[in-house]
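Derivation of every value follows stated rules applied to the coordinates shown; laboratory data play no part. As the structure is a computational prediction, the values presented were derived from the model and not from experiment. We place every Cβ from the backbone using ideal geometry, glycine too, and count neighbours over all the protein chains shown.
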Amino acid sequence: MKEPSAALSVDSVTGIDVSLAVAGPGARSFAFIIDWHIRLILALAWYVVAGVVSNAAFSLAPSPGHSQRWFTVVVIPALALYFLYHPAVELAMRGRTPGKRRVGIRVVTRTGEPPGAGALLVRNIFRLIDSLPVFYGVGLTLMVLTRDSLRCGDMAAGTLLVYEGGAADTELLHDAAQRIGRLDTAGAEIAADLLKRWSSLVPEARIRLARQLLQRYLGAEADLSEGDELQWRSRLERLARP
Amino acid sequence: MALASRATGPTVRRGADPAARQQALAAALLRRARTWQEADARAKRFARGRTGDAADAVQLVEDYRLLAHDVARARTLMPATRTREYLENAYARAHATLHHGAWRAGATLRALLVQEVPAAMRWLAPYLAWTALIFTLAGCAGYALVHRYPELIALFASPQMIASVEGGKLWTEGLLNVVPSSILSVEILTNNIVVSLFAYCLGFLFGLGTLYILGLNGMMLGAVFAFVGEHGLARELLGFIVPHGCVELSVMCLSGAAGAAIGEALIRPGPGGRLESFRAASLRSGVILLACALLLVGAGLIEGFVSPDPRISFTARIAIGVGYFALMVAFLTGRLWGRGAPPARNPPAASSS
């Protein structure tokens, strides 16, 4: 049975290993669903636009006597967009797709490297097996049962999916750096984030989060008496002041 | 030193309160966020091939060291924070960029076709010999079976095909009057590509799936030849099959060979274990499938436009079939690109995770 979700650890010449969090079935499925919608929309868009242009009228019925042209110009490209989306996009984007990018995951090899064209090709060929019998039954079952959430294509190509962190909010990190005093780094990060988002949160959430933070870091010393939002904000700012 | 010059923040006395010291160190680390962001942006620029500046490249090496240093610090000082998470990712990106460079899809695909396909072909040669033998034996078995028991053709051919042959003509005659060439080509090449991919993928059933597909297709071919031969139409069928069949059947054997390699890796795994052998064999043989798909596109076009066309003579059909076969051999061995097959390379080594 599957062990707890793992991280891929890669040796580095610096002596500090590179650690990559492995993406589980949830993140992978979410990315796949986004990609499925994209390729479906692309294929349908092509079908509609090429169909209308080919017929020179707002009709999507194959024009009589032009079935060959209809097939070549309308049907084949739409099918190609739908079926070749994954291999073509992964090859062009080195193991990423718009769906994976949205979820923040990417394909890497077992050594943490970006995969080569051969590996990307093989993992996509094995979709034939993973998609059996319906709705990626084999692939999903394997993902649930394997430690690194691998489908058959990943096993064959020696790949796995890892999380890819987004850009850091450097202002927030700077702000957090200023606030380390009574707070530790995690607390300073949360306080800086909460103060930054203060105006965008609903009033109950502002007070609830401020109360939790004060309770956590001040314990019995915390002033948790009722007050308005401004009072809670000023208590939070006092806590987060170095 | 670049690292020392970038490390800003308060001076921390060794004798200070450990908690205060740790917080001061964390604050000093967090103040380098802008430097991390610059390093990460530089790594991304290089990964996308958007810069080739030598000074920038040297700076990337410095960035890598800086990030390694800071990751190590962050793991100790602030293990469960977003800062550590961000640093880990920036470090991983710098590592990947520094060790693997920019990605150029066109050049990679070209290398795959020019170098990796001939190498895979060379490695698969013994498997290809075996699968070709199995296919031939299955064909002979199908031929012998239907020759001896003609009624068994019903197992291999549709009632329409049987009726057509019994009426004295091939089912392929007049095919272009029913289906346009382009539609016929796409239907055929799609079907052939799917069969080839399955012949490869089903190798993971310890080679049995591959054996089944090869055996079934071989028997069908032999049986149909025996049946049409009984009705004096063997030459017509040969004329129909030759233009596209030389390559189509070879590709089937080739994808079967790739599937057989996977099957063997599972039946007789190497010292790395079954999964590792499966991975190595799939990776090594899988690239051949790209070549197979491309060749099947050509075969499908020939089958749609040339094979059913009664205006093309038997000699021309033979010439097309042999010519396309020669092109396939040149493509698979790398001679098409002006080089012979390079020595087969070892697959990438396994690593721990």
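Tabulated results
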| quantity | calculated |
| --- | --- |
| Charge dipole (chain B, unit charges on Cβ, about Cα centre) - positive-most of B:135, B:60, B:154 | B:60 |
| Gain in span if fully extended, residue B:144 to residue B:55, counting 0.36 nm per residue against the direct Cα distance | 24.7 nm |
| Largest to smallest principal axis extent of the C-alpha atoms in the range A:77-150, angstrom | 35, 31, 25 |
| Ascending count of other beta-carbon atoms within 10 Å, so fewest first, for A:229, A:113 | A:229, A:113 |
| Pairs of alpha carbons in the protein assembly as shown whose separation is greater than 47 Å (percent) | 31 percent |
| Stokes-Einstein D for the range A:1-154, Kirkwood Rh over Cα pairs, 37 °C, 0.692 mPa s (µm²/s) | 186 µm²/s |
| Overall Cα dimensions of the range A:170-240, principal axis frame, Å, largest first | 33, 28, 14 |
| R0 of 25 Å, Cβ-Cβ distance residue B:187-residue B:231: FRET efficiency to nearest 0.05 | 0.45 |
| Charge context of residue A:203, other residues only, Cβ under 10 angstrom, K/R +1, D/E -1 | -1 |
| At least 24 Å along the helix axis (C-alpha) and Kyte average at least -0.5, DSSP helices within chain B | B:54-77, B:117-148, B:181-201, B:208-230, B:234-267, B:288-305, B:314-333 |
| Residue B:151/residue A:61 FRET efficiency (R0 35 Å; Cβ-Cβ; nearest 0.05) | 0.20 |
| Under the Debye formula (equal points on every Cα, no solvent term), log10 I(q)/I(0) of chain B at q = 0.09, 0.12, 0.13, 0.15 Å⁻¹ | -0.68, -0.93, -1.03, -1.22 |
| Within a Gaussian network of chain A (alpha carbon springs, distance under 10 Å), most fluctuating of A:144, A:22, A:134 | A:134 |
